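First the structure, in the form of structure tokens, and then the observations on it.
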Amino acid sequence: MPRNFWMITCNEENFQITKEQGFVRQGLKGQYRRKVQRVEIGDRLLYYVTGIRCFTATATLTSSYREEETVIWKNEGKADWPFRIDIESQVVLDGDQYINAGLLAHRLDYVRRWPPENWYMAFQGNLHLLPKNDFFLIEEEMKRLKFGPGYKPQMEPPPERSKSRGRRNRGGNRNANKVDADNTSGE
């Protein structure tokens with residue numbers, strides 16, 4: 001079972017570069033070194049393409065990161081792509097199947113930190129750690145589109161309660177955990 005579920009954001013041009021290479025490697029931006037150091041073999045990766053604001057593919061990491069100087073991906077602003085990971089594609093949607101992220105954003109725990117009208121702000125930056133349930137929700141939607149009406153959903157992972165949601169409902173009081181244990185009806 002993967003330990004981490006990541007989302008990489010990139011523009012259409014850089015997504016096409018990864019696609020043209022057969023989804024065998026992915027570059028990661030230099031300013032995210034600390035996050036990049038956390039990627040592990042077996043982790044899962046979701047692609048979000050900026051500009052069109054769509055989910056487009058998923059992959060599994062087949063290597064840990066390494067640093068390379070070869071230029072493959074185009075710089076986005078001043079950001080370069082010195083880190084590399086090897087990947088294996090899992091679900092790659094065709095262009096007409098791309099999922100408009102705005103249609104799923106309201107269902108994602110990861111996005112709930114932002115006002116609903118600004119959901120897309122959650123996807124700024126290059127590498128994001130996603131909750132497992134969010135990743136599986138998006139990937140299952142992708143599989144339904146890719147494989148059509150005959151697709152039988154895999155057994156979904158057990159629901160996992162978001163830790164941040166519990167704190168938010170209590171007004172951010174971290175010491176409220178003791179109160180919640182006594183009061184199971186919620187506040």
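The values are calculated or read from the model by the stated rules, or taken from the named source; none is laboratory data. These figures come from a predicted structure and were not determined experimentally. Counting neighbours? That spans all protein chains shown, and the Cβs are built from the backbone with ideal geometry, glycine included.
Rundown of residues vs (1) in the same structural domain as L28 (by TED's automatic domain parsing); (2) surrounded by 14 or more Cβ atoms within 10 Å (Cβ to Cβ); (3) free of Cβ contacts under 8 Å to residues at least 60 places away in the same chain, yes/no style:
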| position | (1), (2), (3) |
| --- | --- |
| V49 | yes, yes, yes |
| I52 | yes, yes, yes |
| R66 | yes, no, yes |
| I87 | yes, yes, no |
| Q90 | yes, yes, yes |
| A122 | yes, yes, yes |
| K146 | yes, yes, yes |
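Here's a check for you: in the stretch 37-52, which residue that is assigned to a strand (DSSP E or B) and of a type in the set (S, T, Y) is nearest to Q26 (Cα to Cα)? Quick ask: steps written out before the conclusion?
So in the stretch 37-52, the residues assigned to a strand (DSSP E or B) come out as 44-49.
Applying the additional criterion that residues be of a type in the set (S, T, Y) yields 47-48.
Numbers: Y47: 11, Y48: 13 Å.
The qualifying residue nearest to Q26 (Cα to Cα) is Y47.
Answer with yes or no whether R34 is over 26 Å from E141 (Cβ atoms), part of a strand (DSSP E or B) and not hydrophobic (A, V, I, L, M, F, W, C).
no
Across the stretch 1-22, what is the number of residues that are assigned to a loop (DSSP other than H, G, I, E, B) and over 16 Å from the mean Cα position of the chain (by Cα)?
Filtering the stretch 1-22 for residues assigned to a loop (DSSP other than H, G, I, E, B) gives 1-4, 11, 21-22.
Among the residues that remain, those that are also over 16 Å from the mean Cα position of the chain (by Cα) are: 1, 21-22.
Looking only at that region, the number is 3.
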